[in-house]
Amino acid sequence: MTKQALIELKNIQKVYSKIDMETHALRDINMAIFEGDYLSISGPSGCGKSTLLSLLGLLDTPTSGSYLIKGQEVANLTADDRAEIRNLHIGFIFQAFNLIDEISVYDNVALPLKYREPKLSAKEVDEQVMSSLKKVEMQHRCSHKPNQLSGGQQQRIAIARALVGKPSILLVDEPTGNLDSKNGDLVMALLDDLNQEGTTICMVTHDPRYADHAKIKLNLLDGIILNNIALESGLQEAV
Amino acid sequence: MRFLINDIKTTAASLSRVPGFVLTTVFTLSLTLGVLLAAFSLNHLLLFKALPYPDAQKLILMEQELQEGDRKFSGSQYFVAQKLMYQKQKSLDSMALVFRDNAILASLRDKPLTEISYVTPEYFDLLGVPVVIGRGFTEQENIDNNKPSALISEYLWRTQYGKDANILGQSITLGEQQYKVVGVVASSFAEPSNFADDANSQIWLPWDFHGQDEESWNYVYSATSAIGKLAPTSSIAQVTAEFNTLVDPIFQQNGRVGKAKHQAIVAQFQDFQVAIIGDNKYIGLLVLLGAGVLLLIACANIVNLFFSRAAQRQRALVIQATLGAKLKHLFFDIWLESLLLSTASMIIGLIIAGWSIELLRSVASHALPRLSELSLDLTAVAFAGVLTLTLSLIFSVITLKLINHKQLISQLQSSGKGTGAQVNAKVRNALVGSQICLATLLLLVTSLVMSNALNVLNHPLGFEDENLYNLKLDIGEGYPEDEAKMQLSRDLLAQLQKINGVSNISRASNPPIRRGSNNTGLFNNDSVKLGHFSFVTIDDNYFNTVGLKVLAGRGYNQQDIRDDSETIILSKAAATKVIAGTGDGNGKIEDIIGKVVYSAGGDIWTVIGVVDNVYNPYNHEKTQGAMMYFSSSRTNFIIRMQDGNALTKTQIINLLDEHFAEVKVWQFTSISDIHEQLVYQKKLTLWLSLVLGLFALLLAAVGIYGVISYNSQMRRYELGIRMSLGAKSKRILLEFIGESFAPIAAGFGFSLLLAVILYSFAQQHINQWLSFDWVMVSSCLLALIAIALAACYFPAKKIIASDPIKALRNE
């Protein structure tokens, strides 16, 4: 029996149109991500890495092509339906952390649960937030504001926020881009541990050292996937 | 200098690429500065500018106050007291008497009714009256010399005498008296406006010819006044004491007796400038306050525009910072841009202020004193210059404070992803709150002023003023005997009735509504005052002609008129007051019929009827329709025309020429015109308030929308994060509106608090200008809430409608 892909992209194109020119950010992308996968997407600046990640995270819409999550077509859903899928299935970790400075660490982590429907009880929210913070060893900072923390700590909070809703996949955009090497290594170790525990991860990175942490490496150039290499035997190759 | 010119050119070129920003800023600022400069000029004139008379600071206005128990009456003078002071005083350098009246200038073909000032010779020196040719009055025209000299105005000389160089020595005829012209008063003379709302004398005559009884203590006059110039060693208190010593004892011996026997007369002397300006300084300050609030709203708008502009210029600022620009260099760049915009706004603002002043002079000259002197002078220009410089500095400093220099540098090190230049959330909230607060406050105040004006404008008169005319005739000296006057009155009535289209006609001392009033007190048998009411003397057909319903008892009949019966008819409001005063009956107006009331002088009147109220817009807030009617026949007529038939002055003149050659038309006006004149000030107030309110609403709408829209732009990134975490659009929208409404609610709350404080203050000082109306106030609040909601909804909706990645990338 063929294992169902968690995420499947078929002939995905992304074109940015301006009055006098069209830019093909992604061309004919076909790929699949299965539960437990750890992918890295690499390539030079402007190759379409972040665009691909945005499409994967339903933050952006493809110009054409098909996008399936657990077999369900999501490319043409309404904004609210896509928001619900993001909330239930996807956790984001950004290069710039994207924490909201005006609210506490606790509230930042609790945000995805706040948007969940049906609503969770305060006790459930509290348990999940504290558990998530514990995973990244930041539970003692829950009442701080993000801008009172170091970059490494902020990224750990961002990871906790990504994990709190128990998503199907973590989409990670240059997670070490704003960190020094020591903090970068710590964050990568954390991601490795999460994958070991079964979390599916798709990561965009410039850094070949960190790309090597992934089990599958995709190289992008001018919006086209050049190769995909399964670093561990037994894993499905992307189509 | 070359660098400066280059910088200016560069800044101008940079601004030319953002015409929307430039137009919005200059439009908002210039319009507001124009209004503010006009308000500043008005207040400078009213509060600080010296009167245009020699030694103006030594001039005093000398009026009398009549006391009757606890009540005090001002505004009316005893001639005899004035003359006594004029002849006997020692504490003044000089004193002039003035009496204003109208007379028919019979020596001109169209016999116009002309404004006259009867003055003593000192008037010309005290006020420094400029004379084009000839002279002012001298000792020859002094009191009791009865020398028939006259000065005419330059306007009259130009328009009626073709600037005749030989005007001096020519005769003019007023009524039946001839006067020899001795001078022409220059049009630059600013006649003191405390003598009349819009003093505009065309002829000046010696005091002796005023024609009033100046020896009697029986009459007081409102059109008379006196001006004094303090001696170097004297004070107002000393002159007051001198008057009280000189006049009151004589008044006590010879003054009025009867029901009002406890009256006293005391001096009410005050600084001439204070007397002229009076309560109008509050109106001026109210206008200035309104303009100031408008400026604050405009400034909040412009600060917001500068924030957006700074965000636009962020890249250029970053590059400048990369190349080593220090804070002061960036400040200079921002300030230069701000200065250019403020200067352009000031120039346009000065032009708008000039127009506003012209408009004010043309529409409000009879409502505010000294408006003929109002102009955009050097002080106003200097104020505009200082204001421009200050505003440009304020805008630059605030903008620079919000562009964190360190943050600019740090942005050079980032990848360019993430947020742009952000203004602190507290500052954004403060901007939103202050915009709402100021706009609400201004709208509330204008709505209170408008409510009051609308109350007066919409109040029914109590009768139909269409097709109704007032005709006042000058019968000359040919009918000295009462019987002859009565016969003439009957003959005139008979002839006027023959005019085609006349449906009804009546004789009355005055039209049913007018500026000013004749008042007298009513007392009971125990000298207890029952009320103080306006009165009109009327004939038997007055109520029919005007259209007033007799509610109880009866109207006058011909017998009453012939017998000059000692009867009185009261309006419903007056009857109610009298009944309350007597405590008789059970409060029904019918109960007053047959009751006897007394005048201050002891006259006895029997109440024979009660009629509907007439609401005179001139004083209806005070009188509430209270009015009395006495029987009499005069040569003043109220004429009701049939529908579709107008009455003209020419028709009247032709009729008089044919049948009564010696009788002249003194005044002919339709009651609708009188009504229009009476409500003119309220209409003006209404329109000015409406324009100010709409302008405030427009500014507030632009400002609130701008600030909240900017707020949403600043939160775009945060909204992007929330969307990426799965928040649905409705949820984000509701949260955004809810959060944005916190400063809006605070602004509303604070403005309501301020409005309550201001309203309490205003009720004590400028009550006649304000009245509360829930509908008006609620409408203003709803309008602002709708604007605020729209300002929250649309920009946020736009962000939410696009893909979250655009918000996250700040695209």
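The values are calculated or read from the model by the stated rules, or taken from the named source; none is laboratory data. The model shown is predicted, which means the values in this text are computed figures rather than measured ones. With ideal geometry, Cβ positions are generated from the backbone for all residues, glycine too; neighbour counts draw on all protein chains shown. These area figures cover heavy atoms from the full protein model, side chains too; ligands, DNA and RNA do not enter into them. Shrake-Rupley method; radii C 1.70, N 1.55, O 1.52, S 1.80 Å.
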- Query: Counting each DSSP H run of 4 or more residues in chain A as -39500 (n - 2.57), what helix-only mean residue ellipticity at 222 nm follows after dividing by all residues, to the nearest 500 deg cm²/dmol?
  - Reply: -10000 deg cm²/dmol
- Pull out a ≥ b ≥ c, the square roots of the eigenvalues of the alpha-carbon gyration tensor of the range B:96-215, then state rounded if a/c is under 1.5, prolate if not and a/b is larger than b/c, and oblate in the remaining case. rounded
- Length-normalised contact order for the range B:70-261 - Cα pairs under 8 Å, 6+ apart - percent: 33
- Message: Could you tell me which residue out of B:Thr685, B:Leu45, A:Gly65 lies farthest along the dipole of the protein assembly as shown toward its positive end? Charges go on the beta carbon: Lys and Arg +1, Asp and Glu -1, centred on the Cα centre.
- Response: A:Gly65
- Message: Using a 1.4 Å probe on the protein heavy atoms only, what accessible surface does B:Thr28 show? Give it in Å² to the nearest 10.
- Response: 10
- Message: Nothing charged except the Cβ atoms of Lys and Arg (+1) and of Asp and Glu (-1): what's the magnitude of the dipole of the range B:1-145 about its Cα centre? Round to the nearest 20 debye.
- Response: 800
- With every protein chain kept in place and a 1.4 Å probe, the residues B:Glu242, A:Glu124 fall, from largest accessible area down, as A:Glu124, B:Glu242
- Those residues in the range B:718-752 that give up at least 10 Å² of accessible surface, probe 1.4 Å, once the partner protein chains are present instead of the chain by itself are B:Glu718, B:Ile721, B:Arg722, B:Met723, B:Ser724, B:Leu725, B:Gly726, B:Ala727, B:Lys728, B:Ser729, B:Arg731, B:Glu735
- Task: State whether the range B:43-97 is rounded, prolate or oblate according to the following rule on the C-alpha gyration tensor (a ≥ b ≥ c being the square roots of its eigenvalues): a/c under 1.5 gives rounded; otherwise a/b larger than b/c gives prolate, and the remaining case gives oblate.
- Result: oblate
- Note on the structure: From the Cα centre of the range B:327-389 to that of the range B:3-60, the distance in Å is 2
- For the pairing of chain B with chain A, what total accessible surface becomes buried, with a 1.4 angstrom probe, in square angstrom to the nearest 100? 2200
- Using alpha-carbon coordinates, inclination of helix A:122-135 to the longest axis of chain A, degrees: 70
- Solvent-accessible ranking of A:Lys70, A:Lys134, A:Lys49, largest area first, probe 1.4 Å: A:Lys134, A:Lys70, A:Lys49
- Query: If you take the square roots of the eigenvalues of the alpha-carbon gyration tensor of the range A:84-134 and sort them as a ≥ b ≥ c, do you get rounded (a/c under 1.5), prolate (a/b over b/c) or oblate?
  - Reply: oblate
- Query: What do you reckon, how do B:Ser517, B:Ser222 stack up by accessible area (1.4 Å probe), largest on top?
  - Reply: B:Ser222, B:Ser517
- Query: Going through the range B:509-575, which trypsin sites (Lys or Arg not before Pro) have at most 15 other Cβ atoms within 10 Å and a DSSP loop state?
  - Reply: B:Arg515, B:Lys549, B:Arg554
- Would you mind giving the mean number of other chain beta-carbons within 10 Å of the Cβ of each residue in B:379-387, as a whole number? 0
- Note on the structure: Dipole check, the protein assembly as shown, charges on Cβ (K,R +1; D,E -1), about Cα centroid: among B:Ile8, B:Ile732, A:Ser132 the Cα furthest to the positive pole belongs to A:Ser132
- Item | Within straight-line cross-link reach of B:Lys147, lysines at Cα separation under 27 Å, skipping those fewer than 8 residues along the same chain | B:Lys83, B:Lys88, B:Lys90, B:Lys111, B:Lys163, B:Lys180, B:Lys229, B:Lys664
- Task: Calculate the dipole size of the protein assembly as shown relative to its Cα centre from +1 charges on Lys and Arg beta carbons and -1 charges on Asp and Glu beta carbons; express the result in debye to the nearest 20.
- Result: 3640
- Message: As a test of the formula, what do you get for chain B when each DSSP H run with n ≥ 4 contributes -39,500 (n - 2.57) and the sum is divided by the residue count, at 222 nm and rounded to the nearest 500 deg cm²/dmol?
- Response: -17000 deg cm²/dmol
- Query: Mind listing P(r) for the protein assembly as shown? All alpha-carbon pairs, 10 Å bins, whole percents.
  - Reply: 2, 8, 13, 15, 14, 11, 8, 7, 7, 7, 5, 2, 0, 0
- Item | For chain B: Kirkwood Rh in Å [reciprocal of mean 1/r, alpha carbons] | 31.6
- Once phi for every residue in the range A:167-178 is put through the Karplus expression 6.51 cos²θ - 1.76 cosθ + 1.60 (θ = phi - 60°), the whole-Hz ³J(HN,Hα) values, with Gly and Pro written as x, are x, 6, 8, 9, 9, 10, 10, 6, x, 10, x, 9
- Item | Rounded to the nearest 20 debye, dipole of the range B:468-673 from Cβ charges on Lys, Arg, Asp, Glu | 680
- Message: Relative contact order for chain A: what percent, with Cα pairs under 8 Å and sequence separation of 6 or more?
- Response: 29
- Task: Summarise the partner chain shielding of A:157-165 as one whole number: the mean count of Cβ atoms from other chains within 10 Å of each residue's Cβ.
- Result: 1
- Task: Mind checking the range B:619-714 for GluC sites (Glu not before Pro) that DSSP puts in a loop (not H, G, I, E or B) and that have at most 15 other Cβ atoms within 10 Å?
- Result: B:Glu662
- Message: If I require 20 Å or longer along the helix axis, counting alpha carbons, and a Kyte-Doolittle average no lower than -1.0, what helices from chain B are left? Use full DSSP H segments.
- Response: B:2-16, B:19-43, B:236-254, B:280-312, B:327-364, B:378-402, B:425-458, B:482-497, B:671-714, B:729-765, B:774-801
- Item | Drop in accessible area of at least 20 Å² in the complex versus isolated chain, residues of the range B:783-811, 1.4 Å probe | B:Asp803, B:Pro804, B:Ile805, B:Leu808, B:Arg809
- Contact order normalised by residue count of the range B:514-671, Cα under 8 Å, 6+ apart, percent: 28
- Query: Computed over the Cα atoms of chain A, what is the convex hull's projected area averaged over all directions, in nm²?
  - Reply: 13.9
- Message: Counting heavy atoms of the protein chains only and a 1.4 Å probe, report the per residue accessible area for the protein assembly as shown as a whole number of Å².
- Response: 45
- Message: Can you give me the % of accessible surface on the protein assembly as shown that is carbon or sulfur? Probe 1.4 Å, all protein chains present, nothing else counted.
- Response: 54
- Task: Mind checking which lysines have their Cα closer than 24 Å to the Cα of B:Lys529? Skip sequence neighbours fewer than 8 apart in that chain.
- Result: B:Lys72, B:Lys259, B:Lys261, B:Lys572, B:Lys577, B:Lys588, B:Lys595, B:Lys622
- State the three equivalent ellipsoid semi-axes of the range B:468-673, derived from the C-alpha gyration tensor as the square roots of 5 times its eigenvalues, in descending order and whole Å. 32, 18, 15
